[in-house]
1. So what's the stretch A:35-132 giving for Cα Rg divided by 2.2 N^0.38 Å, two decimals?
2. Sum up the charges of everything whose Cβ sits under 15 Å from the Cβ of A:Gln120, counting Lys and Arg as +1 and Asp and Glu as -1, but leave A:Gln120 out.
3. Students often forget the sequence filter, so: which lysines lie under 24 Å Cα-Cα from A:Lys5 once same-chain residues fewer than 8 apart are removed?
4. Can you give me the three principal axis dimensions of the stretch A:1-92 from its C-alpha atoms, in Å, biggest first?
5. Which value in Å is the Kirkwood Rh of the stretch B:111-184 over different Cα pairs?
6. For chain B, state the average projected area of the convex hull of the C-alpha atoms over all orientations, rounded to one decimal in nm².
7. Mind scanning A:Lys30/A:Lys109; A:Lys96/B:Lys173; A:Lys109/B:Lys29 and naming the pairs with a C-alpha gap bigger than 30 Å?
8. Debye sum, Cα scatterers, the stretch B:68-138, no solvent: what log₁₀ I/I(0) at q = 0.18, 0.24, 0.27 1/Å?
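The values are calculated or read from the model by the stated rules, or taken from the named source; none is laboratory data. Small disclaimer: the values here were computed from a predicted structure and weren't measured. Here the Cβ positions follow ideal geometry from the backbone for every residue, glycine too, while neighbour counts run over all protein chains shown. With ligands, DNA and RNA removed, areas are computed over all heavy atoms of the protein, side chains included. Shrake-Rupley method; radii C 1.70, N 1.55, O 1.52, S 1.80 Å.
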Amino acid sequence: MKRKKIAIVVAALLIAVSGGIYFYYGFLFKEARNIETEMPDFSITAAKLIEDYSSNPEKANSLYLNKTIELKGLVTKETDSVIVLENSVFCLFTQKITQKLLNNNTVVKGKCIGYDELFQEIKLDQCTINKQNN
Amino acid sequence: MKKSFINLFAVLLIITVTTNGSAQKLITKTGNIKFQASMPTYEDVSAENKSVSAILEQSTGDFAALVLIKGFRFKTALMEEHFNENYMESEKFSKATLKGKISDLDVSKITNTSKNFTLKGDLTIHGKTKPVTLLVKVSKAANGVNINGSFEVKPEDFDIEIPNLVRKKIADKVKIEYNFSLIK
């Protein structure tokens, strides 16, 4: 009888502690989003994204803002940490871009952070190259 | 015939003027803004954004910067979520802007050592605009200029409410640091 009681107490304690750890690391101090490992919510062409933003920016924001999206398009500009798709989708990378992608079609995954009115560009951050379709 | 020649001349003049105009602009799309709202002994409340856009018109000193709120990265997901959803309401107000003029700026006289200038303009955060006067440091860089500095804002000035529960953990004045390398 006594042994059973101890077993129950130990089990309860274990559950409480693991629950606590889960709450602590899984919720309170959960690491910020890592876009690279997230599955994209949308997988579209860069041209479609540009079209949606130019026709109705507010609707596009409600659709894409803060979402992980995968974009296919032509690389029109490339620097150390930035790729521009179809002249108006600005993709900021977390790591240096090693591949030479200028004037190639590519697939970029990133988080949509909104529309930049100064340069009339849609901005994505934490981008990664998914695959290259030459 | 003569009229068409004048027209052509006018077109040429416009083209040269506009190309001249665009050559005067210095821009960046990867400017940096950090903010710090930590209180001593409490956890670190800070975030960084590396995709700030800015334009400086060299001849007049007109300056404009735009930052997308969703681009601020925190250390923890929960803090980022609270920042976006409860404080900045970034679904509704997706950006913050600064538009103004740097007075007495003569880019040709800028050297490698940074010099202080005054920027007068309007700061818009959370959909609310306030006039500001900032001290900016300008120095010369390869192919352009560097502009950096820092200033403080009060969240309540921009209608950002901080609940009493976390009031003690967030500074009354949020320190904002910026760094732009503007190039041609």
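1. Working: Rg = 12.0 Å, N = 98, 2.2 N^0.38 = 12.6 Å.
Here the Cα radius of gyration is 0.96 times the empirical estimate.
2. On the way: positive: A:Lys77, A:Lys123, B:Lys25, B:Lys29, B:Lys95; negative: A:Glu51, A:Asp52, A:Glu86, A:Asp116, A:Glu117, A:Glu121.
The answer is -1.
3. none
4. Between the extreme Cα coordinates on each principal axis of the stretch A:1-92 lie 74, 32, 19 Å.
5. Details: mean 1/r = 0.0700 Å⁻¹.
For the stretch B:111-184, the Kirkwood estimate is 14.3 Å.
6. Values: hull surface 54.8 nm².
Averaging across all directions leaves 13.7 nm² for the Cα convex hull.
7. Working: A:Lys30/A:Lys109 22 Å; A:Lys96/B:Lys173 35 Å; A:Lys109/B:Lys29 19 Å.
Checking Cα-Cα distances, A:Lys96/B:Lys173 exceed 30 Å.
8. -0.79, -0.96, -1.09
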